[in-house]
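The values are calculated or read from the model by the stated rules, or taken from the named source; none is laboratory data. Values in this document were obtained by computation on a predicted structure and should not be read as measured data. Note: ideal-geometry Cβ built from the backbone for every residue, glycine included; neighbour counts use all protein chains shown.
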Amino acid sequence: MVISDLLYEEGRLAYFTLSNESVAMTVTNLGCRILSLSTRDREGRMADILLSYANVEDCHSETSMMGAVVGRVANRIANGRFVLNGKEYSLTANEGRHHLHGGSEGFDQKYFRHDFVPGGLRFAYHSPDGEEGYPGNLDLTVTYLLEGNALRIIFDGESDQDTLLNVTSHPYFNLTGGLAKIYDHELWVDADRIACIGEDGVPDGEFMEVAGTPFDFREFRRIGEGIDAPHPQILRGNGYDHAYFLNKGHSEGPQAILREPETGRRVSIVTDMPTIQVYSGNFLAGGCPGRHGLPYENRDGIALEAQFMPNSINVEEDSGTILREGEKFHSETRYIFDTM
């Protein structure tokens, strides 16, 4: 049985709780942020496995996107420009000359409308034509459902003009409950290749087979084993910050699994998106205070984001990020929580 409730509301800001016997979470309508998510370890003890804020409204002054929904387009668009239907569009450049995570006031900064639905919550936002430079009036809904030991995240969108949409969720996991860094977490990703990044972290149209590199997670591997390796792609990202091209289809089981040996906690990801961005929290230091009052440090959490390839519109011939007028965008990702 899922228990959902309005925890607190003041002005535009609202907090909600969702819980069942396996998972307990707190959510806000500000960027649809998941503020906490507690699961059991192998001894049955609950602990919060996400990074979050001491004060959620600190998110207005920092860029880690902890727990937020990000878009219209997640990750980077080179030089804040793209061409669609022969017309060039200029987007907000909020990371140097590049566009990142939907701009300076992307979905992570918006207050969504909210409704309770059976088993969870549904959030809605209307993004007007021209917001952050994107064409088209876009209507987006984000649905969080607790289904047993799984969190199901559903995105639906529709635009009145051809536009781009690559929306994702950006939780940072630490399966120790914040007791240690992520180095001893073990990761498996069913992917044979990654998108390479240039000096400024933007995919440049080059791809790399993971075999024989620190990026090979086709067997379980400690994250700390390769995170500081002297590999050009590791050096460019200051760790892992790369899109993995998934091999399996949506119905064939998990495409990625993160596990932590001491607690036994495990999270498996099933998605219909073509890539998972693996980001090892390489630039968390210097941000706003975390839940326990102190700023997080680098590598305190790892984000696993299901999405289209970053900068796809500029490097892929048939970009999945294009949403045509009148078409309906639909995507689902499930995070499944259990123990080894």
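Report those strands (runs of 3 or more DSSP E) wholly inside the stretch 112-185 carrying at least 3 residues which are under 21 Å from the mean Cα position of the chain (by Cα) and more than 29 Å from residue 285 (Cβ to Cβ).
Answer list for the stretch 112-185: 120-127, 138-147, 150-159.
Filtering the stretch 309-320 down to residues that are part of a loop (DSSP other than H, G, I, E, B) and among the polar types (S, T, N, Q), which residue is surrounded by the most Cβ atoms within 10 Å (Cβ to Cβ)?
The selected residue is 311.
From the list 41, 108, which one is buried (at least 18 other Cβ atoms within 10 Å of the Cβ), charged (D, E, K, R), touching a His at 6+ places or on another chain (Cβ under 7 Å) and at pLDDT 95 or above?
Every option except 108 fails the conditions.
Each row is one residue, and each column tells you yes or no for (1) touching a Ser or Thr at 6+ places or on another chain (Cβ under 8 Å); (2) of a type outside the set (A, V, I, L, M); (3) surrounded by fewer than 17 Cβ atoms within 10 Å (Cβ to Cβ).
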position	(1), (2), (3)
49	yes, no, no
83	no, no, yes
97	no, yes, yes
103	yes, yes, no
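Could you grab me the full set of residues in the stretch 70-81 that are in contact with a His (Cβ under 7 Å, 6 or more places away or on another chain), among the aliphatic types (A, V, I, L, M) and surrounded by 21 or more Cβ atoms within 10 Å (Cβ to Cβ)?
Selection gives 70, 74, 77.
Is there a residue in the stretch 214-224 that is surrounded by fewer than 18 Cβ atoms within 10 Å (Cβ to Cβ), free of Cβ contacts under 8 Å to residues at least 12 places away in the same chain and in contact with a helix residue (DSSP H, G or I) (Cβ under 9 Å, 6 or more places away or on another chain)?
yes
Sort through 208, 273 and tell me the only one that's over 26 Å from residue 155 (Cβ atoms), out of contact with any Phe, Trp or Tyr (no Cβ under 6 Å at 6 or more places or on another chain) and at pLDDT 95 or above.
208
List pairs: first residue in the stretch 74-87 and farther than 12 Å from residue 202 by Cα, second residue polar (S, T, N, Q) and in a helix (DSSP H, G or I) anywhere in the structure, Cβ distance under 9 angstrom, at least six positions apart or on different chains.
Qualifying pairs under 9 Å: 81/314; 82/314; 83/314.
Filter the stretch 154-181 down to the residues that are surrounded by fewer than 24 Cβ atoms within 10 Å (Cβ to Cβ) and among the aliphatic types (A, V, I, L, M), then identify the one that is farthest from residue 24 (Cα to Cα).
Here the residue is 180.
Residue-wise test of (1) surrounded by 15 or more Cβ atoms within 10 Å (Cβ to Cβ); (2) in contact with a Lys or Arg (Cβ under 8 Å, 6 or more places away or on another chain); (3) without any contact (Cβ under 8 Å) to a residue 40 or more places away in the chain; (4) not polar (S, T, N, Q).
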position	(1), (2), (3), (4)
1	no, no, yes, yes
22	yes, yes, no, no
28	yes, no, yes, no
34	yes, no, no, yes
37	yes, no, no, yes
56	yes, yes, no, yes
59	yes, yes, no, yes
65	yes, no, no, yes
68	yes, yes, no, yes
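Residues that are closer than 24 Å to residue 25 by Cβ, surrounded by fewer than 22 Cβ atoms within 10 Å (Cβ to Cβ) and at pLDDT below 95: does the stretch 240-250 have at least one?
Yes, that holds for at least one residue.
Can you tell me which residues in the stretch 186-213 are in a loop (DSSP other than H, G, I, E, B) and touching a residue at least 60 places away in the same chain (Cβ under 8 Å)? If you could, list the steps in order and put the result at the bottom.
Residues of the stretch 186-213 in a loop (DSSP other than H, G, I, E, B): 190, 198-202, 210-213.
Within the stretch 186-213, 190, 200, 201, 202 meet the criteria.
Would you pick out the residues in the stretch 321-340 that are surrounded by fewer than 18 Cβ atoms within 10 Å (Cβ to Cβ), of a type outside the set (A, V, I, L, M, F, W, C) and part of a loop (DSSP other than H, G, I, E, B)?
Matches in the stretch 321-340: 324, 325, 326, 327.
When only residues in the stretch 255-270 that are closer than 16 Å to residue 217 by Cβ and β-branched (Val, Ile, Thr) count, which is surrounded by the most Cβ atoms within 10 Å (Cβ to Cβ)?
Going through the qualifying residues, I end up with 267.
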